[in-house]
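Working notes, structure below.
The values are calculated or read from the model by the stated rules, or taken from the named source; none is laboratory data. Predicted model, so just to flag it, every value in this text is computed and none were measured. Here the Cβ positions follow ideal geometry from the backbone for every residue, glycine too, while neighbour counts run over all protein chains shown.
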Amino acid sequence: MPNVIELKAVELDYPLLDAEDRSFRKALFGGASARGYKAIRALSGVTLQVESGERLGLYGPNGSGKSSLLRVMAGIYPPSHGHIEVRGRTAALLGASAGANMEASAYENICTLLRIGAVEPTVDRVREIWAWTELNEAYLGLPLRMMSSGMMMKVLVAVVTALDAEILLMDEWLGVIDVNFMAKAQARMDAFVGRAGALVLASHSYALLERTCDRIVHLENGRIESIVSRSAGTLSEEPRIAAIA
């Protein structure tokens, strides 16, 4: 199957800023080393392909590079070195608020996020999204800040999986959904992948990735340590060359 994301020897440096210049974006997008900033290497020599129809997991402890790799895939951070190519429209859920307006109502946020994703927020579409969350309709008019993290995540998962995208990028936050709702969330993501292209899910929960993904990439200190693939219903480690080739 064709690759929808391809990374070759990707490196990402985060600048360490002193008191005289706190402009993170200027340092990052201007090239930390070129501007003379000291930097922390968040990703080092990452070579990886994501295939169409694949559910790929990114696993590792805090600071291993999972979130940084997702943000490079999403185009939020440009790699300091190496090459990345993304073939298809992406929908990203990369934080607890995922770009939502915490002061605006759930209804307003759903409409805004759909428009950003080039989807018309019709009454029927908004109703379908809200019905999937199983939340009381009274919450639809409340600001997002009044919702629990689990309630908010149900809304955001429902929205991003309704977008006309080909690649879904998700960071950690699926874990805040209650266990009873998790199977429903996974089924919705499976349907998204089935009609779209691929899912990349980062988590420090290996059990979640085992249930959800076809392959799991183990990251440590910004490097790929190993990759395991599903074969005949079980996950087994790929030859080491697959992680670095």
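Checking region 196-210 against the condition returns no match, with no residue being surrounded by 20 or more Cβ atoms within 10 Å (Cβ to Cβ), among the hydroxyl-bearing types (Ser, Thr, Tyr) and outside any strand (DSSP E or B).
Within region 120-131, the set of residues being surrounded by fewer than 17 Cβ atoms within 10 Å (Cβ to Cβ) and either part of a helix (DSSP H, G or I) or in contact (Cβ under 8 Å) with a residue 12 or more places away in the chain (or both) comprises 123, 124, 125, 127, 128, 131.
Give the residue that is nearest to residue 159 (Cα to Cα), with candidates limited to residues of region 120-131 that are of a type in the set (A, V, I, L, M) and in contact with a helix residue (DSSP H, G or I) (Cβ under 7 Å, 6 or more places away or on another chain). It comes out as 129. What tally of residues in region 132-171 results from selecting those that are over 30 Å from residue 66 (Cα atoms) and either buried (at least 22 other Cβ atoms within 10 Å of the Cβ) or out of contact with any helix residue (DSSP H, G or I) (no Cβ under 9 Å at 6 or more places or on another chain) (or both)? Total satisfying the criteria: 2.
For region 65-72, does any single residue satisfy the condition of being out of contact with any Asp or Glu (no Cβ under 7 Å at 6 or more places or on another chain) and surrounded by fewer than 17 Cβ atoms within 10 Å (Cβ to Cβ)? The answer is no, given that none of the residues of region 65-72 is out of contact with any Asp or Glu (no Cβ under 7 Å at 6 or more places or on another chain) and surrounded by fewer than 17 Cβ atoms within 10 Å (Cβ to Cβ). On inspection, residue 113 fails the criterion of being touching a residue at least 60 places away in the same chain (Cβ under 8 Å) and closer than 21 Å to residue 164 by Cβ. Inclusion of residue 190 among residues that are closer than 21 Å to residue 91 by Cα and surrounded by fewer than 20 Cβ atoms within 10 Å (Cβ to Cβ) is warranted. Restricting attention to region 133-174, the residues being over 22 Å from the mean Cα position of the chain (by Cα), without any contact (Cβ under 8 Å) to a residue 40 or more places away in the chain and assigned to a loop (DSSP other than H, G, I, E, B) number 3. Scanning region 214-245 for residues that are modelled with pLDDT of 65 or more, over 15 Å from residue 49 (Cβ atoms) and part of a loop (DSSP other than H, G, I, E, B) returns 221, 222.
Could you please let me know if residue 106 is closer than 19 Å to residue 191 by Cβ, touching a Phe, Trp or Tyr at 6+ places or on another chain (Cβ under 8 Å) and of a type in the set (Gly, Ala, Ser)? Spelling it out, it is not the case that residue 106 is closer than 19 Å to residue 191 by Cβ, touching a Phe, Trp or Tyr at 6+ places or on another chain (Cβ under 8 Å) and of a type in the set (Gly, Ala, Ser).
Using the structure shown, decide if residue 50 is surrounded by 15 or more Cβ atoms within 10 Å (Cβ to Cβ), β-branched (Val, Ile, Thr) and under 15 Å from the mean Cα position of the chain (by Cα).
In short, yes.
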